[in-house]
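Notes follow once the structure below has been shown.
The values are calculated or read from the model by the stated rules, or taken from the named source; none is laboratory data. Here the structure is a predicted model, which is why all the values come from computation and not from measurement. Heads up, the Cβs are rebuilt from the backbone with ideal geometry, glycines too, and the neighbour counts pull from every protein chain shown. Remember, those area values only see protein heavy atoms, side chains included, never the ligands or the DNA or RNA. Shrake-Rupley method; radii C 1.70, N 1.55, O 1.52, S 1.80 Å.
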Amino acid sequence: RTHFVLSVSAGKDLGAILDALLPLAAEVTLTRAEPRRSLDPAQIAAAVRQAAPGLPLRVVPNPHLALRAAAQALGPGDCLCATGSVYLAGIARDVLRGAGW
């Protein structure tokens, strides 16, 4: 099972990103990696709910907390993927390394 933590920068093709990721997702946590450049996670949540109505999702605006919550929710054999933003990738590296990953 793959759990995605997703932040998308304004100006990116949100529909194309969701089309690629959602079929692979068991769960999605939406966040805002960069306050000025990232889309509001509530806006992304609306698009996710429309594209995949039954997919479990949560909105955690703080990217550090979003990554920690997603990591803590993983079960045996689950995979965590932080994606959609280079900013989020950098934050994920710091958060997950600090958590002993």
*Looking only at region 28-74, count how many residues are within 23 Å of Arg97 (Cα to Cα), of a type in the set (A, V, I, L, M, F, W, C) and touching a strand residue (DSSP E or B) at 6+ places or on another chain (Cβ under 9 Å).*
12
*asked:* When the residues of region 21-53 are narrowed to those that are open to solvent by 60 Å² or more (accessible area, probe 1.4 Å) and within 23 Å of Gly75 (Cα to Cα), which ends up farthest from the chain's Cα centre (by Cα)?
replied: Pro53
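Within region 69-101, take every residue that is of a type in the set (Val, Ile, Thr) and open to solvent by 30 Å² or more (accessible area, probe 1.4 Å) and give me the one that is farthest from the chain's Cα centre (by Cα).
Of everything passing the filter in region 69-101, Val86 is farthest from the chain's Cα centre (by Cα).
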*Can you pull out the residues in region 54-68 that are open to solvent by 30 Å² or more (accessible area, probe 1.4 Å), of a type in the set (A, V, I, L, M) and part of a helix (DSSP H, G or I)?*
Leu65
